[in-house]
Ligand SMILES: [Zn+2]
């Protein structure tokens, strides 16, 4: 899989210093500056320490199963804002090459918040997943939603959410992470009809082989 992050640091130099400091015990395969410079930090064949305690589609050791890409960005802590155009333009070809070379399913190009919903919110609701999906580098937000309620009760919903990939140990946080990724205009952790319909469509598309 590929996990996208923001650095939550003032600038790329500060982030680079931290990502290369042995004491910090954090690393990522790539850092992309806001100006669009791609810095390779860890060989793709090697394990980097970017995901921490995390989970995705049954995998608990995400670091051993992923490429980590850090986006130079102030994050929510230092002034959340749009991701720069230059950075996005640098990310697209890098990601395209990585998913191609490693045969990574689009459903496994995720944000840090998707794999660690109880702890993380990066890269956050302003990350342009929809634009990345136009390049077929991640799943698109489903548009054709079924009418009616696909899940009988909340337990059925959470089971489905876990089947899609999320750690649902903290249900409210898992729903927040799901919303941050799939319905960023309203993030409240509540399982509403639209959230249920989006998850149902995502699972159906994957089960029927329309996405992988
Ligand atoms: Zn992160």
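The values are calculated or read from the model by the stated rules, or taken from the named source; none is laboratory data. Predicted model only: the values in this text are computed from it and were never measured. With ideal geometry, Cβ positions are generated from the backbone for all residues, glycine too; neighbour counts draw on all protein chains shown.
Check whether at least one residue in the range 67-74 is out of contact with any strand residue (DSSP E or B) (no Cβ under 9 Å at 6 or more places or on another chain) and surrounded by fewer than 17 Cβ atoms within 10 Å (Cβ to Cβ), and report yes or no. So far as the range 67-74 goes, no, none of its residues is out of contact with any strand residue (DSSP E or B) (no Cβ under 9 Å at 6 or more places or on another chain) and surrounded by fewer than 17 Cβ atoms within 10 Å (Cβ to Cβ). Residues in the range 12-25 that are surrounded by fewer than 13 Cβ atoms within 10 Å (Cβ to Cβ) and more than 16 Å from the ligand (Cβ to nearest atom) were compared, and the one that is farthest from residue 91 (Cα to Cα) is 23.
Only one of the numbered conditions (1) out of contact with any helix residue (DSSP H, G or I) (no Cβ under 7 Å at 6 or more places or on another chain); (2) part of a loop (DSSP other than H, G, I, E, B); (3) within 15 Å of the ligand (Cβ to nearest atom) is violated by residue 28, and that is (1).
Quick grid of which residues meet (1) modelled with pLDDT of 95 or more; (2) within 16 Å of the ligand (Cβ to nearest atom); (3) within 22 Å of residue 75 (Cα to Cα):
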| position | (1), (2), (3) |
| --- | --- |
| 36 | yes, no, yes |
| 42 | yes, yes, no |
| 48 | yes, yes, yes |
| 52 | yes, yes, yes |
| 56 | yes, yes, no |
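The single condition among (1) in contact with a helix residue (DSSP H, G or I) (Cβ under 6 Å, 6 or more places away or on another chain); (2) closer than 21 Å to residue 107 by Cα; (3) surrounded by fewer than 20 Cβ atoms within 10 Å (Cβ to Cβ) that residue 180 does not meet is (3).
Report yes if some residue within the range 62-82 is free of Cβ contacts under 8 Å to residues at least 24 places away in the same chain and more than 17 Å from the chain's Cα centre (by Cα); otherwise report no. Checked the range 62-82: at least one residue is free of Cβ contacts under 8 Å to residues at least 24 places away in the same chain and more than 17 Å from the chain's Cα centre (by Cα). The residues of the range 66-81 that are touching a helix residue (DSSP H, G or I) at 6+ places or on another chain (Cβ under 9 Å) and either part of a loop (DSSP other than H, G, I, E, B) or away from the ligand (no atom under 11 Å from the Cβ) (or both), listed by number, are 66, 67, 72, 73.
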